[in-house]
Each structure stands twice: as structure tokens, then as C-alpha cells.
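Report on the structure given below.
The values are calculated or read from the model by the stated rules, or taken from the named source; none is laboratory data. The shown structure was predicted, so the numbers you read here are calculated from the model rather than taken from an experiment. When we count neighbours, we look across all protein chains shown, and the Cβ atoms used for this are built from the backbone with ideal geometry, even at glycine. All accessible areas refer to the heavy atoms of the entire protein, side chains included, with ligands and DNA or RNA removed. Shrake-Rupley method; radii C 1.70, N 1.55, O 1.52, S 1.80 Å.
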Amino acid sequence: MARVLLRDLNKHYETFHAVKDVSLEIQDREFVVLVGPSGCGKTTTLRMIAGLEAITSGEILIGDTVVNELPPMDRDIAMVFQNYALYPHMSVRDNMAFGLKMRKFEREEIARRVKIAADILGIESLLHRKPRQLSGGQRQRVALGRAIVRNPQVFLFDEPLSNLDAKLRVQMRVELKKLHERLGTTAVYVTHDQVEAMTLGDRVVVMKDGWVQQVGDPLELYNAPANKFVAGFIGSPGMNFAAVSFQREGDTLLAVNHGLRITVPAPIAARLNGHAGRDATLGIRPEDLHLAGPDDDEGHCFEALVEVIERLGSEILLDVKVGPASMVASVPPTVRTRMRDTIRLALDPERLHFFDAETEVAL
Amino acid sequence: MATTTEAATGTPRTRTRLLEDERWLAFFLLMPTIVLLALFIAYPFMKGILLSVTNTRVGVPGEFVGLAIFEKVWNDGIFREAAWNTIYYTAVTTVFKLALGLWLALLLNRHFRGKAFIRAFILLPFIIPTVLSTFAWKWMFDPTFSVLNWLLREIGVIDQRINWLGDPDLAMGCIIAVNVWRGVPFFAITLLAGLQTISPELHEAAAIDGANARQRFLYVTWPLLLPVTMVVVLFSVIQTFADFQLVYVLTEGGPANATHLFATYAYQIGVRTGLLSEGAAISLAMFPVLFLVVIFQLLYIRRVETR
């Protein structure tokens, strides 16, 4: 087990700069998730750690060794691929044993390790089968088994759950979490699914266009997104945004647009002082909106026109129009409302976010 | 009115009903193939067998003589030489074609500039009609005008002209070389297609698992390529075993029968000499060998595929 260090990592393809100055310290036993939309450089970063892509510039350390020039087999890593990459002509047992055979382990030791891994993953009864005789979930387990038997310093996961159906994905997610608790091996996990990222990661790295946008534990990303991209990417349904301008009225700072006139709470206002008179983007999560009641400050309420009602059982999502902007509000299932109704919504002032209109950086 | 309609549509209806019966439909659909196969494969094959048990010559109808012709052919020294030549020729060329074709396929499977162009270019020897390219080779092997001799003399390897096709050993080497030149593209392109069905992820997984390039080939590429390889080898063995044009153009079986194959010798005896029965018997001698080869390889392919 070991820490992994990325220093100013860059990857250039002929005309494409895929990974830009990525620096990251992954602690021993930590589970770090790289997340972002497709083409954000997360998989390329993972493949550079694995040694499957050459590094254009920068450094990768596994343990205390610079591995830039080391071939994959000498990096003491194991990787789980999106399409499992099981050897189709080998049995499950041989698939799992292959890495150990290549490393010239004793026959008894191989058998012992394969058995332990098969026990952990519950695939003892499948050992004699060929990959094509297995279901997607079983194949995924075998791919995990192949990684476990090697007992490597680092596990690398490249969207391992994306080929599974939704239900199985949730189940495997939980199992992966348990597996990591049990083995404690340092893990780097790539996904485009923010729910996977939030549930699995000790820390999450959000990437876009080759840049790291923010690194933090899941709640940090949720509560204090560093910019508008992270704010919109983390959380489901996504954060609501509305273009506003700031107006000063006596001692209070107001965020104003055609449908909103929101009093900015004092602590946030203090941070925004320099921005009075300038444009910004207001952000508020659907779960931080509720139907206005008598206790709500007038400065935190606004009128909204209900356009769509999505009943999810545990909650209702209201798609509403606020002035020119569309928003989503998550309200309790007991709320009774109809399409085309005009309702009053209130926001939780502590949960307001503001982003610079141009740079999109959190204010 | 109703009766008129019925009468008018009567015939098409019966026809449609006949085609809706699957057995009739199957028969109709198979008809063209059956006719073609019967006319061009089954009839000549049967005719060949009939010829081989008579003593027919050109202009002489001949009578039934049992297996006498086969016995005569069996005791013919040139036939034995042709049989040995055919086996030798097939074995050596297949080994070379497979080795070179696989090597080329592995190279072509990499990423490089102008990949598509090179891949198309590689096929040229296979696309040019064999007779044309073989005539070009014949010029290159010509004792007087040979460009090979000129080249070897210029770089100082030889000082005497080599009579490529006049020397029995060299002549066999020459037809083998030309066959390999012509056959490698087919191997290369087919094996390349096979290689491309192997996911690159498997090689990456193997690389991470600790397999070096040689082990990745041995444990991943080769086993997964084997079914395709067997099919290519099967086709190649059949074609090479029954090869005719190449030898006919280059040496006509000479010098001193050193390069006669089954097909050229059968032609020599059956058509040139007019001993139709013996020609047929020689041709048929190929049949059991090829039949066994096909059976063996098909069984093998099935075993690999169900594995």
C-alpha cells in the first residue's frame, strides 16, 4: 500500500491538450475518485498512473518511486477496466491466476490467493467457467478478483460499473465500498457519475477540460463548490442558477433580477462588498427551496409559476419559472399544487451561492 | 362479380399458397445454387471418377478397366515425384506464408502514418491476376535478362549467371518464393482482421498483469487468433495443394519434372498427352488428402470455437 503523488501532470496528444497541470496527493489507504464529463481528462490521468499512456510532462510517484519511465507491470498496480477485459479463452480461475503466474508465484500460493479472493467476492462456484458464461455483474467480480489476488499497492478503476444496469450498479457500489474498508488498498477511481463519486470517494477530484476544478471530500464539494461548474455537476437534481445584479439599499445588499429580489445575508454580503453593482450568478440547490410560510423573511421569498410536477414518492420536484429563469424545487410529498399555479417559494439564505458572472468562480 | 374476381385471382393464389409452404419455398430458394453446384462441381467430379475407371484417351471412348489406371499411376515414378513435390511445396509455402503474414499483420496492426494506404498496398500481389504477375517473375528469373542476376552481379555476390528455373533445386525454390510472395497478403490481411477483433484492453490488462510483449503474444494474442489462423491455413493449404497456374507459367513442371505438382502433371498427362483416364486418376489422387485436411481442420475449428 502506498500514497500516489501527481506533480504538474500534462498530457498532449498531437493537437489536443488532454490533461493540464494536474497535481494531486493521494494518501495511503485513501479512496480518491476522479469525476467529470467525458473528455475531461480523468481517464487519461488514470491511464498515465497505470503506465498505459506516456506522460508529456510532470511526475508520478507511487510510494516513493518516480514511475514515469516504469512499464505497467513494474508499478505494482492493478486495474479494473470498464469492459472488464477478461481473457475470453481462460477460465475464471486462470483469469485471476494469470498475473500471479506471470510473476512466477508458486502453484500453491496462487491457488491459495485465488481461493481467498473468490471467497471475498462470492465467486467460488464460478471458477471453472469461461467469461462468456457469466453475467455482467459476475464478470465485474472476476475483474475485481484479478485485481485483488495480486495484492498491489494501488487499485485503479476505470468506470468499472458503467456497463451494469442501474440496480446492480448500486449494489456493486456498496460492495466496492465494503471491499475497500476490508482491504484498505489505496484506490483511484474514475467515473462520470457524480453519485458514484460522492458515495465512494474519501475525496473527490472534479475535472473539466483537462483542469482540476476542485478537490475535496464529498460534503465540501456539495456545500462549498469552488465554481459554477462544480456547483452544477455535484448534486442531483443540479443546482439552480439565475443571473442577478447586486443593489445596495441602505445597509442591505440585494440580489436582483426580473423575478427575484433576494436579501443577501450579512456574512455573505461582507464577502461580496467589492461586487456591488456588478453582475453575478446566484445559485441555490433544489433541496434548499421550500414553500414560503409565515416564518420566512420577505427578502428570501419569490413567486414562481409551476410548469411541471415530478412526483418521485419520497419528494416532489417542481419545475418552476421564476421571471425568465427556470428552477427546480424539491418539496415534501405532502405538498398539493397544480400545474400553472403560482406559488411562493422561499430559499434558505445560509445556503445561497454566488458566482462571478465572467470567471464563474465562487464569490 | 364475386365469381369473376375469384376466377381472375385463382392462379396467383395457388402460386402464393405454394410459396407459403416452407418446404416449397426452401426448394425454390435453393434451386439456383443446386443447379450451379450440380453443373460445375458434381458433374465434373462424377465424370472424373467415371473417366478414371476406364481407359479413355482423346478420340478413344474406352472401356471399364476397374482400378487398373490407378495401379498404373501409382507405379509411375513421375507421379510419385509430383506427389512429393506437392506436399513439399504446400508445407514449405504454408509455413512461410503464415510466419510472414502474421509478422506483417502484427506490424500493420500498429498505429502509423498512412496506415490505410499501406494496408491497401499490401494486397497488390493478391489482386493482380496470378498469370500476369507470374509472367513478370518469369522475366526476373530469365537466365539472360534476369534482373536478379544483374543485381547480384552489380553488388558482387556472383560472377556467373544463375539459371534460376533451369536448376531443379533452384526451380523449386523459385516457385515457392513466388507462391509465398503471392500468398502473404491474404494471410496478412485476414490475420489483421482477426487481430482487430482482439480488444486492446486485453493487452493492457495483460501488461498490467506482468506479461511482457512475448508473453502477451503467447498467452493472449495467439490463442485468440487461432480460430482465424486455422481458417486461413485451411484455405491456403487447399489452394496451394491444387495450385496450377503459377507452376504452369514458370516451369511447366520442369526441369526434369522437378516442379511438377498434381495439377500440372494431371494436365500434362490428361490434356497434353491425351491420356484422359490417367489425368483424371492423378487429379483424383488429391481428393483423399484434401478431404482429410478439411475434416481435420474443421473439427479443430469447432473444438476451438466451443472451448
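Of note:
- Among the residues of region A:242-290, those identified as open to solvent by 10 Å² or more (accessible area, probe 1.4 Å) and of a type in the set (D, E, K, R) are A:Arg248, A:Glu249, A:Asp251, A:Arg261, A:Arg271, A:Arg278, A:Asp279, A:Glu287, A:Asp288.
- Among the candidates A:Val230, A:Val212, residue that is open to solvent by 20 Å² or more (accessible area, probe 1.4 Å), among the β-branched types (Val, Ile, Thr) and either on the phi > 0 side of the Ramachandran plot or modelled with pLDDT of 90 or more (or both): A:Val212
- A:Ser57 being at pLDDT below 95 and in contact with a His (Cβ under 7 Å, 6 or more places away or on another chain): no
- Check on A:Lys11, touching a Ser or Thr at 6+ places or on another chain (Cβ under 8 Å) and either crowded, with 22+ Cβ neighbours inside 10 Å or within 26 Å of A:Ile234 (Cα to Cα) (or both): yes
- Contacts under 7 angstrom Cβ, first residue in region A:49-60 being within 14 Å of chain B (Cβ to nearest Cβ), partner part of a strand (DSSP E or B), 6 or more apart: A:Ile49/A:Val4; A:Ile49/A:Ile60; A:Ile49/A:Leu156; A:Ile49/A:Val188; A:Ala50/A:Ile77; A:Ala50/A:Met79; A:Ala50/A:Leu156; A:Glu53/A:Lys11
- Tabulated pairs, region B:209-234, first more than 18 Å from A:Phe105 (Cβ to Cβ), second among the charged types (D, E, K, R) and open to solvent by less than 30 Å² (accessible area, probe 1.4 Å), C-beta under 9 angstrom, 6+ apart or interchain: B:Val232/B:Lys97; B:Val233/B:Lys97
- Screening region B:195-242 for helices (runs of 4 or more DSSP H) wholly inside it with 2 or more residues that are more than 7 Å from chain A (Cβ to nearest Cβ) and over 23 Å from B:Leu299 (Cβ atoms) returns the ranges B:200-209, B:213-216.
- Considering only residues in region A:137-153 that are more than 18 Å from A:Met90 (Cβ to Cβ) and either outside the structural domain of A:Asn83 (by TED's automatic domain parsing) or open to solvent by less than 40 Å² (accessible area, probe 1.4 Å) (or both), the one that is nearest to the chain's Cα centre (by Cα) turns out to be A:Gly137.
- Residue in region A:109-123 that is at the interface with chain B (Cβ under 10 Å from one of its Cβ atoms) and either in contact with a His (Cβ under 6 Å, 6 or more places away or on another chain) or buried (at least 17 other Cβ atoms within 10 Å of the Cβ) (or both) present: no
- Qualifying residue in region B:68-76 (condition: on the phi > 0 side of the Ramachandran plot and either open to solvent by 60 Å² or more (accessible area, probe 1.4 Å) or in a helix (DSSP H, G or I) (or both)): no
- Selection of region A:265-312 for residues being farther than 27 Å from A:Thr359 by Cα, under 32 Å from the mean Cα position of the chain (by Cα) and of a type in the set (A, V, I, L, M) yields A:Leu291, A:Ala304, A:Val306, A:Val308, A:Ile309, A:Leu312.
- Which numbered condition B:Pro255 fails, given (1) surrounded by 18 or more Cβ atoms within 10 Å (Cβ to Cβ); (2) in contact with an Asp or Glu (Cβ under 9 Å, 6 or more places away or on another chain); (3) more than 13 Å from chain A (Cβ to nearest Cβ): (1)
- Taking the criterion of being open to solvent by 60 Å² or more (accessible area, probe 1.4 Å) and not in a strand (DSSP E or B), the residues of region A:310-332 that qualify are A:Leu312, A:Ser314, A:Pro324, A:Pro332.
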